[in-house]
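The values are calculated or read from the model by the stated rules, or taken from the named source; none is laboratory data. Keep in mind that what you see is a predicted model, and the values were worked out from it rather than measured. Using ideal geometry, Cβ is built from the backbone for each residue, glycine included, and neighbour counts are taken over all protein chains shown.
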Amino acid sequence: MGLRSFIHRLTAPKPLRSLSLDEKLKMVFVVNHELKMGKGKIAAQVAHAAVKATLACGERDPALLDAWFKTGQKKICVKGDSAQHLEQLSIDAKKNGLLANKIHDAGHTQIPAGSFTVLAIGPCRDEDIETVSGDLKLL
């Protein structure tokens, strides 16, 4: 998406549909713990995932994104066992109709290029996301 498209999205009229502000919404970041990334590397990869997931939600469901912004933009980081584990969680999320965005590293620093570092799920309702990530431990 270009800069013009991004600015238009920010300034365009708000969606007609709205979600209740009582709705509990969150975004979950599953970090590939097998890679043994440093704290700074994890922070950067989660930031990439947050941006990608936010833009994807804006394209797919602007009303959901608007509600998530208005309810505090809750974000949770949890541990994933491996790239295969993150891949299975992505499949499970998509089967449940949830947004799932994968982040692969460019390989400029600590880990090999193409490594599956983070899976972003959501934003979506807490109870929907718990079916996919509820048993994972906090990072």
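Descriptive notes on the structure:
- Scanning the range 38-77 for residues being in contact with an Asp or Glu (Cβ under 9 Å, 6 or more places away or on another chain), modelled with pLDDT of 95 or more and not in a helix (DSSP H, G or I) gives a total of 1.
- Filtered residue count, the range 93-130, keeping only those that are under 10 Å from the mean Cα position of the chain (by Cα) and either charged (D, E, K, R) or within 19 Å of N32 (Cα to Cα) (or both): 10
- Some residue of the range 103-116 being surrounded by fewer than 16 Cβ atoms within 10 Å (Cβ to Cβ), closer than 25 Å to F69 by Cβ, in contact (Cβ under 8 Å) with a residue 24 or more places away in the chain and not aromatic (F, W, Y): no
- Scope the range 42-76; condition surrounded by fewer than 17 Cβ atoms within 10 Å (Cβ to Cβ) and touching a residue at least 60 places away in the same chain (Cβ under 8 Å); matching residues: K52
- Checking L98, L119, L136 one by one, the residue that is touching a Gly at 6+ places or on another chain (Cβ under 9 Å) and crowded, with 22+ Cβ neighbours inside 10 Å is L119 and no other.
- Qualifying residue in the range 7-26 (condition: modelled with pLDDT of 90 or more, surrounded by 14 or more Cβ atoms within 10 Å (Cβ to Cβ) and closer than 17 Å to I129 by Cα): yes
- Here the condition is being within 14 Å of V28 (Cα to Cα) and in contact with a Leu (Cβ under 8 Å, 6 or more places away or on another chain); of I111, I129, it holds for I129 alone.
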